[in-house]
1. Are any residues in the range 147-189 within 14 Å of residue 205 (Cα to Cα), surrounded by fewer than 21 Cβ atoms within 10 Å (Cβ to Cβ) and touching a helix residue (DSSP H, G or I) at 6+ places or on another chain (Cβ under 9 Å), and if so, which ones?
2. Name the residue, out of 289, 268, that is part of a helix (DSSP H, G or I) and surrounded by fewer than 16 Cβ atoms within 10 Å (Cβ to Cβ).
3. Of all residues in the range 74-113, count the ones that are without any contact (Cβ under 8 Å) to a residue 60 or more places away in the chain and under 18 Å from residue 222 (Cα atoms).
4. Condition first: over 28 Å from residue 70 (Cα atoms) and assigned to a helix (DSSP H, G or I). Can you find one or more residues in the range 130-149 that meet it?
5. Just one of (1) touching a helix residue (DSSP H, G or I) at 6+ places or on another chain (Cβ under 7 Å); (2) surrounded by 15 or more Cβ atoms within 10 Å (Cβ to Cβ); (3) modelled with pLDDT of 95 or more trips up residue 123, so point out which.
6. Looking only at the range 204-224, count every residue that is under 15 Å from the mean Cα position of the chain (by Cα) and farther than 12 Å from residue 237 by Cα and tell me the total.
7. If only one of 202, 192 is closer than 17 Å to residue 177 by Cβ, in contact with a strand residue (DSSP E or B) (Cβ under 6 Å, 6 or more places away or on another chain) and assigned by TED's automatic domain parsing to the domain that holds residue 97, which one is it?
8. Would you be able to tell me the number of residues in the range 16-68 that are under 20 Å from the mean Cα position of the chain (by Cα) and part of a loop (DSSP other than H, G, I, E, B)?
């Protein structure tokens, strides 16, 4: 039987597609395309899943009380402000439905392709707020998020804003000063999927301001930091009225019983959290330095667990050679139209895995192929 062809993915982590190019098993691929913690999953999550297998015989608690209580204690925010979801992606869909009801949604670009997907699904009017690369290796907004040409919309509270912090794919960390934006926008949605990779004293989260601002929504992922993307688990923090409306829109039991049980335990695993922060603090500057030394590459040092890299040569060609010769997958940036074929993104992995990437890149780039 002829196997269906595998299309180029718009997300990282598509090992079936990568294996089709590399002519190997998906399990043989060393994946730098999905920014997942290489230290996980934590043993606490695996043990919890194993002890809750019997829960599969019953429907999950539709209110997810145990998980919401754990998240409430973790963030010190009332549990009615928390809604678990089938990954942050599900909750992004409902946030974009609210944004699409406004006259315009300002979107910080380049932007994760799911933002455009979810906004387009509800026919939102989107206005780009571009980030631009600067010579000092940083990315900055080309104009303020509050700009004069949108004054009438701000006065009428008819504009929304969607951004992620730290920003994907640049890694830029916006200051918590953005917390003043709900004073001007009708709705501000901040995707903090990578915020937990920063130690608490470095985070710029606006979660603690949600109680003050009913028009502020924060989205969080539990699968990147805790390395369980296949489990699908995220949560939204927003005013209870908004979350009740989202609950009425979505399917029941969107979070499975094993994900709910694991999530309630993972956020209490302080040992795993400390290990992750220590690993990243050591691994990221070293990978940045070594990538900077390779010909034709310019990495950008961001706040998250990945690096955006500018390439002097075609990234599609580079990606293909890495797969076919070394079974290594990097994230092309073709789904970010502003970046195209001259940028790629790599997750930060263990020292040995990072070295495999560097060795493969060095061989390909030094040969000028």
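1. 173, 176, 179
2. After applying the criteria, what remains is 289.
3. Total satisfying the criteria: 2.
4. The answer is yes; a qualifying residue exists.
5. (2)
6. 3
7. 192
8. Looking only at that region, the number is 11.
The values are calculated or read from the model by the stated rules, or taken from the named source; none is laboratory data. This is a predicted model, so every value here is computed, not measured. No Cβ is skipped: glycine too gets one built from the backbone with ideal geometry, and neighbour counts run over all protein chains shown.
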